[in-house]
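Written below as structure tokens is the structure these notes are about.
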């Protein structure tokens, strides 16, 4: 079983913290931009555009919240010593995958298993 070096885990932790800062900044900027929109009155087209902007804002906020949660969970796994272990297979996650997505919970094999199960039960 592959174990990760302390420097590799520290590298991933730094990536996670940087991603967290970036997302928090994006959330703040997005909220400020949304708050600055003029949503008062207007004709039907203006109201439709305002609703579309609100939908886009809420969708983006939800995605950023979900990613923030994944980052927090990954940081927690670092602290508990479970970082880099696939939730599906209990095998180590590929180092290249962790470098690309340090918040991932699944190895490539684990992700394929989950996708297969998802497709099977989606029918």
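The values are calculated or read from the model by the stated rules, or taken from the named source; none is laboratory data. This structure is a prediction, so every number in the text was calculated from the model and none was measured. Note that each Cβ is placed from the backbone with ideal geometry, even for glycine, and that neighbours are counted across all protein chains shown.
Could you list, in sequence order, all residues of the range 40-64 that are on the phi < 0 side of the Ramachandran plot, without any contact (Cβ under 8 Å) to a residue 12 or more places away in the chain and surrounded by 10 or more Cβ atoms within 10 Å (Cβ to Cβ)?
46, 47, 48, 49, 51, 52, 55, 56, 58, 59, 62, 63
Between 24, 75, which is surrounded by 10 or more Cβ atoms within 10 Å (Cβ to Cβ), under 30 Å from residue 113 (Cβ atoms) and modelled with pLDDT of 95 or more?
Every option except 75 fails the conditions.
Looking at this structure, is residue 31 farther than 30 Å from residue 6 by Cα, surrounded by 11 or more Cβ atoms within 10 Å (Cβ to Cβ) and out of contact with any strand residue (DSSP E or B) (no Cβ under 7 Å at 6 or more places or on another chain)?
So residue 31 passes the test.
Report yes if some residue within the range 109-123 is surrounded by 12 or more Cβ atoms within 10 Å (Cβ to Cβ), in contact with a helix residue (DSSP H, G or I) (Cβ under 7 Å, 6 or more places away or on another chain) and either at positive phi or in a helix (DSSP H, G or I) (or both); otherwise report no.
no
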